[in-house]
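*Asks:* Starting off with a structure, shown below.
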Amino acid sequence: MTSNTQNIKPNIEETAVITKKDLRKVFWKSLPFEISWNYVRQDHMGFAYSMTPILEKLYNTKEEKAEALKRHMEFFNITVYFSTLVLGIVTAMEERRAKDPDFDTASINNVKVSLMGPLSGIGDSIFLGTLRIITAGIGASLAMNGSILGAVVFLLLYNIPAFAVRYIGMMKGYQVGTDLLDKIQKSGLMDKVSKMTGILGLMTIGSMIATMVTVHVPLKFGSGDAVTTLQSILDSIMPCFLPVCVTSVIYWLLGKNLKTTSILLGIITVSILCAFFNILTV
């Protein structure tokens with residue numbers, strides 16, 4: 001822990017507005033990160049709440065703070081153990097934004113969106129798919145022998161690495177973000193980086209549509225061996241064609257300022273009717 005403190009000291013205490021104390025505040029506020037998780041924007045409120053100590057320190061006017069909070073209320077979802085890494089990087093970007101009025105604020109959300117997919121894949125594999133299973137197995141074996149230490153050992157073996165990763169991720173994320181922004185600004189690559197992270201973010205959203213939105217048409221044409229399904233025709237045009245169309249329609253409705261609740265009720269109603277008449281299936 002000493003070496004980590006020495007590494008981030010020049011960035012935090014000598015040249016930056018943000019201090020280690022501020023980063024620790026963000027770390028503590030990130031612990032209930034998923035307590036406000038919802039199906040609309042998922043972890044957005046947890047992220048915005050975690051950033052409040054930074055935004056309070058960086059921005060002086062109520063308008064600036066409101067704009068920054070609104071910026072972090074966009075859709076966001078990530079494995080909670082790597083959330084602090086993104087929080088650290090975004091903290092460095094917000095600090096640069098406060099110092100430079102010409103800083104591209106769109107790049108902040110672009111970076112968030114581009115990181116949440118890859119980091120979630122890594123985090124789910126390490127913590128949920130590996131560490132949790134191993135530690136639960138150790139705890140369960142002790143509990144089956146009648147030892148009360150089973151639950152205690154499980155909680156310790158799982159949570160100590162998890163909390164360590166979250167704390168170190170916060171500190172290292174800020175350090176990496178600060179160093180990277182310095183290099184980018186000196187080389188004049190900020191526009192290119194913003195464009196690339198935007199493209200990566202769109203690719204992440206596209207992959208989420210393909211894997212998380214399911215729309216299947218069971219309609220068939222012909223008879224015997226010559227039967228052709230409408231779904232196969234659509235897939236030959238473009239795989240996941242219907243999920244893209246449905247997502248585009250919902251995006252268009254959101255742009256018309258329709259309430260999310262109304263859109264969800266509409267989706268449920270249409271889904272029930274299409275399933276009843278065998279127009280769509282899962």
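*Asks:* Collect residues whose amide H, placed 1.01 Å from N in the peptide plane, falls under 5 Å from the amide H of F76; neighbours closer than 5 in sequence don't count.
*Replies:* Result for F76 returns D43, H44.
*Asks:* Counting only residues 5 or more places away or on other chains, whose amide H sits under 5 Å from the amide H of H216 once H atoms are built in the peptide plane?
*Replies:* T281
*Asks:* With charges only on Cβ, +1 for K and R and -1 for D and E, what is the dipole size of the chain about its Cα centre, in debye, rounded to 20?
*Replies:* Around 420 debye, computed over the chain.
*Asks:* Same structure again: So what J values fall out for region 37-52 if you push phi through Karplus, 6.51 cos²θ - 1.76 cosθ + 1.60 with θ = phi - 60°, rounded to Hz, Gly and Pro as x?
*Replies:* 4, 9, 7, 7, 10, 6, 8, 5, 5, x, 5, 4, 5, 5, 7, 4
*Asks:* Follow-up question, since we're still on this one. In whole Hz and in residue order, list the ³J(HN,Hα) couplings for region 242-253 that follow from phi through the Karplus curve 6.51 cos²θ - 1.76 cosθ + 1.60, θ = phi - 60°; x for Gly and Pro.
*Replies:* Once rounded to whole Hz, the list reads 5, x, 5, 5, 4, 4, 5, 5, 5, 4, 5, 5.
*Asks:* Still on this model: Anyone know which of K256, K29, K70 comes out most mobile in the 10 Å Cα GNM of the chain?
*Replies:* Comparing K256, K29, K70 in a Gaussian network model of the chain, the most mobile one is K256.
*Asks:* Counting other beta carbons within 10 Å of each residue's own, what order do S147, S120, S83 fall into, fewest first?
*Replies:* S147, S120, S83
*Asks:* Pairs of Cα atoms under 8 Å, at least six residues apart: use those to get the relative contact order of the chain, whole percent.
*Replies:* About 17 percent, as a whole number.
*Asks:* Taking the Cα atoms only, what angle lies between the long axis of helix 20-29 and the longest principal axis of the chain, rounded to 10 degrees?
*Replies:* Here the helix axis deviates by roughly 30 degrees.
*Asks:* Separate question: Given the options C274, Y49, G123, identify the residue whose Cα lies farthest towards the positive end of the charge dipole of the chain (+1 on Cβ of Lys, Arg; -1 on Cβ of Asp, Glu).
*Replies:* Y49
*Asks:* Output ³J(HN,Hα) for region 113-120: one whole-Hz value per residue in order, computed from phi by the Karplus curve 6.51 cos²θ - 1.76 cosθ + 1.60 with θ = phi - 60°, and x for Gly and Pro.
*Replies:* 5, 6, 8, 5, x, x, 5, 5
*Asks:* What is the distance in Å between the Cα centroid of region 90-121 and that of region 220-282?
*Replies:* 34 Å
*Asks:* While we're looking at this one, here's another question. Hey, what number do you get for the chain at 222 nm if only DSSP H runs of n ≥ 4 count, each worth -39500 (n - 2.57), divided across all residues, to the nearest 500?
*Replies:* Numbers: 12 runs with 193 residues, N = 282.
Computed ellipticity for the chain at 222 nm equals -22500 deg cm²/dmol.
*Asks:* Would you pull out the residues with amide H under 5 Å of T229's amide H, same chain only if 5 or more places away, H placed 1.01 Å from N?
*Replies:* F221
*Asks:* May I pose another question? Set the bar at 29 Å for Cα to Cα. Now go through K21/K65; K25/K259; K57/K256 and name every pair that lies beyond it.
*Replies:* K25/K259; K57/K256
*Asks:* Taking 41 Å as R0, compute the FRET efficiency from the Cβ-Cβ separation of K57 and W37 and round it to 0.05. Write down the numbers at each step before the final one.
*Replies:* Values: r = 27 Å, r/R0 = 0.65.
Computed FRET efficiency for K57 and W37 comes out at 0.95.
*Asks:* Taking just the alpha-carbon atoms of the chain, what radius of gyration and Dmax come out, in angstrom?
*Replies:* 23.3, 77
*Asks:* For region 214-276, what is the relative contact order in percent, using Cα pairs closer than 8 Å and at least 6 residues apart in sequence?
*Replies:* Relative contact order of region 214-276: 19 percent.
*Asks:* If I model a spin label at A226 and V152 as a point 7 Å from the Cα along the Cα→Cβ vector, what separation in nanometres do I get?
*Replies:* The modelled label-to-label distance comes out at 7.6 nm.
*Asks:* Shape of region 214-276 from its Cα gyration tensor (a ≥ b ≥ c, root eigenvalues): rounded if a/c is under 1.5, otherwise prolate when a/b > b/c, or oblate?
*Replies:* oblate
Values quoted throughout were computed directly from the atomic coordinates according to the rules given, and no laboratory measurement underlies them. Nothing here was measured: the structure is a model prediction, and the numbers come from that model. Positions of Cβ are generated from backbone atoms using ideal geometry, with glycine treated the same way; all protein chains shown enter the neighbour counts.
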